[in-house]
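What follows is one structure encoded as structure tokens, with my remarks underneath.
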Amino acid sequence: MNQHVRTILVWGVIFIAVVAIIKLISGRSEIAQQMTQTEIITRVEKGEIRSVTITGDGFGYEITGRDKNDQPFAVYLVKDETLPARLQENGVQVEARKPQDASLWLTLVGWAPLLLLVAVWIFFMRQMQTGGNKALSFGKSRAKLLTPQSKKITFKDVAGCEEAKTELQEIIEFLREPQKFQRLGGKIPKGLLLMGPPGTGKTLLARAIAGEANVPFFSISGSDFVEMFVGVGASRVRDLFEQGKKNAPCIVFIDEIDAVGRHRGAGLGGGHDEREQTLNQLLVEMDGFESNDGVILIAATNRPDVLDPALLRPGRFDRRVTVGRPDVRGREQILEVHCRNKPIGDVDLSLIARGTPGFSGADLANLVNEAALYAARMGKSVIEQKDFEIAKDKVLMGVERRSLIISEEEKRNTAYHEAGHALVAFLEPNADPLHKVTIIPRGMALGLTQQLPVDDRHTYSMDYLEATLSVLMGGRAAEELFMRHLTTGAGNDIERATDMARKMVCEWGMSEELGPVTFGKVEEQIFLGREIAQHRDYSERTAIRIDDEVRRIVGSAYERAKAVLEENRDALIRIAEALLEREVLDAEEIRHLVEVGPLPAVDTPPAGETPAEAPADTARAAARERTADDKEPRIGGPAIEQPS
């Protein structure tokens, strides 16, 4: 019987029982007057009684009826056997009823509450069973079997990770044509581990495998094995692989496997806690005495460093596939996938891809969604380039907080602070090209300077790091030189600069005095979580030298930023005043302010205007050449913030 029909029947029985009880109680409540035997005899002799009903047996009976005014009355425990005859002699209508007729209703009334409770209990138990909480089923696997009727995702819906798709495509081909590989003695891999940062598409790849492979696909999360009852996790692992053997060849996907696959013996519970029992059972099922031919395990995690070595050895997870953040070509392909079913106007996706370095697939999906929401909010029929630009600003810098009330003094200080960042970024030849500067509060920042890398960077040169430090210190230097005071607005800049300088000394070996040596080893307790201490493998004297070197690097960048701003005082003042007037300046406007002069009153420059000749300084010439190629507005790159 259909579940909905059963539910309707249960509620129907409950409704009928409640109505019957209410009706019976309401019927009995009509009896408003109780009489004694003497009173009813007196009223009968006066002719005031119209009809009565006599119910009872030899031990006594009760009389109910109505008088001439149609008012109900009752007489209980009547012992006079001659009373019925006297009623008939006086013209009263008498009806006799067996006592069983009344006792049936009394029995129903007595049992009705219990029957109601039983019905409610049965209803809730059936609801719990349909939710997967059946009694005595804690040890059953909660893996979901994807059916052919479910919505399929194929490799056409996955972009930006071609190497991972190639590895997974080989697994699918092995399942479809095993003899192609077995004729040369090849064996199917038992396990494949997908590793990579969050949002890079590991779970999406697994769903694409389910759509491509014509074999059963079981999916489960690592946290589904963990339970408060001892032994439940191991039992679920056994049941999962038993289901896999029955449906072999098949694929089993475990998402977030680090929930059960962490290092053994590293926690507070010793070697007998529930998590380690689950891991031990998983190790046995993957490569134990019994063969699991035809069951391929695919797992995903963003913390491969915490997994147990026994889980990662060949024979269990034979392959490890890194799903990293996409490059510029991969970002363009991902944008095309997400824009496939959306009304897109004249939009250059390659421009957006170049302006979003470091974005993962999830970030790009969120970017496209934000652009669509903004276009819909503006009442547009298609998504335009401007919508993507605004969406990128929102994703990278936060929502504009125009309602924030800022005094004129703070606003001017913010303008000179951001002008310092912008001017140093524009004139530093080794820094990322300048893209945009604003003094509109966004997120937690009162203002923001945005730079746009030309290409994706995988390594950083010392010249680039020193230029980045100078840009970070440009805001603090501008406050000191032009506002004649220091504020807390440079706190985030100083923190980032100090952290970068310490990494240059302790991790990257870029110190002239200390040389190419690494100082400090991070100690991390795998089970407890993040790093809790830093091992000091150097002396106290070396620690003092490290602090001095960090201070020297940051101080040198600060002095270099001050020198650039002192040399270009007029340009910085023009940038700051333009920010106070316009609030947002792009790279082309900054170039005009530095090389030509104040911006014209209109947005577009007058016809025939040509920029001034470039200074002889090669650094400025190189910076101007880079920025001139960046006339189209782009979005992305690291932001230099001034926290509120």
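The values are calculated or read from the model by the stated rules, or taken from the named source; none is laboratory data. Everything numeric in this text was worked out from a predicted model, so none of it was measured. Reconstructed Cβ throughout: ideal geometry from the backbone, glycine too, with neighbour counts over all protein chains shown. Accessible surface areas use protein heavy atoms only, side chains included; no ligands, DNA or RNA. Shrake-Rupley method; radii C 1.70, N 1.55, O 1.52, S 1.80 Å.
Name the single residue that is nearest to LEU472 (Cα to Cα) among those in segment 485-506 being open to solvent by 50 Å² or more (accessible area, probe 1.4 Å) and touching a Lys or Arg at 6+ places or on another chain (Cβ under 8 Å). Among those that are open to solvent by 50 Å² or more (accessible area, probe 1.4 Å) and touching a Lys or Arg at 6+ places or on another chain (Cβ under 8 Å), it is ILE494. Contact map, segment 197-216: residues that are under 15 Å from LEU297 (Cβ atoms) and assigned to a helix (DSSP H, G or I) paired with residues that are open to solvent by 40 Å² or more (accessible area, probe 1.4 Å) and not charged (D, E, K, R), Cβ distance under 7 Å, separation 6+ or inter-chain. Pairs shown: ALA210/LEU146. Being under 24 Å from GLY355 (Cα atoms), of a type in the set (Phe, Trp, Tyr) and either at pLDDT 95 or above or surrounded by 17 or more Cβ atoms within 10 Å (Cβ to Cβ) (or both) holds for only one residue in TYR416, TYR374, and it is TYR374.
Only a single item in (1) over 24 Å from the mean Cα position of the chain (by Cα); (2) under 29 Å from ASP456 (Cβ atoms); (3) without any contact (Cβ under 8 Å) to a residue 60 or more places away in the chain is not met by GLY420, and it is number (3). Taking the stated definitions as given, is LEU465 touching a residue at least 40 places away in the same chain (Cβ under 8 Å), open to solvent by 10 Å² or more (accessible area, probe 1.4 Å) and out of contact with any strand residue (DSSP E or B) (no Cβ under 6 Å at 6 or more places or on another chain)? Answer is no for this residue. Taking the criterion of being assigned to a loop (DSSP other than H, G, I, E, B) and touching a Gly at 6+ places or on another chain (Cβ under 9 Å), the residues of segment 465-523 that qualify are GLU507, GLY509, GLY515, PRO516, VAL517, THR518.
Every listed requirement among (1) open to solvent by 30 Å² or more (accessible area, probe 1.4 Å); (2) part of a loop (DSSP other than H, G, I, E, B); (3) among the acidic types (Asp, Glu) is met by GLU410 save one, (2).
For segment 337-357, residues that are surrounded by 15 or more Cβ atoms within 10 Å (Cβ to Cβ) and not polar (S, T, N, Q) total 12.
When the residues of segment 201-256 are filtered to those that are of a type in the set (S, T, N, Q) and more than 26 Å from GLU170 (Cα to Cα), the one that is most open to solvent (accessible area, probe 1.4 Å) is SER223. Please indicate, with yes or no, whether at least one residue in segment 308-323 is open to solvent by less than 40 Å² (accessible area, probe 1.4 Å) and touching a Lys or Arg at 6+ places or on another chain (Cβ under 6 Å). Yes: one or more hits. Test of understanding: among ILE172, ILE153, which residue is surrounded by 12 or more Cβ atoms within 10 Å (Cβ to Cβ), at pLDDT below 85 and within 15 Å of ILE251 (Cα to Cα)? Step by step, each of ILE172, ILE153 is checked, and only ILE172 is surrounded by 12 or more Cβ atoms within 10 Å (Cβ to Cβ), at pLDDT below 85 and within 15 Å of ILE251 (Cα to Cα). In summary, GLU389 fulfils each of the numbered conditions (1) within 29 Å of GLU479 (Cα to Cα); (2) among the charged types (D, E, K, R); (3) assigned to a helix (DSSP H, G or I) with the single exception of condition (1).
Entry remark, segment 540-569: residues being more than 15 Å from VAL424 (Cβ to Cβ) and open to solvent by 40 Å² or more (accessible area, probe 1.4 Å) number 8 in total.
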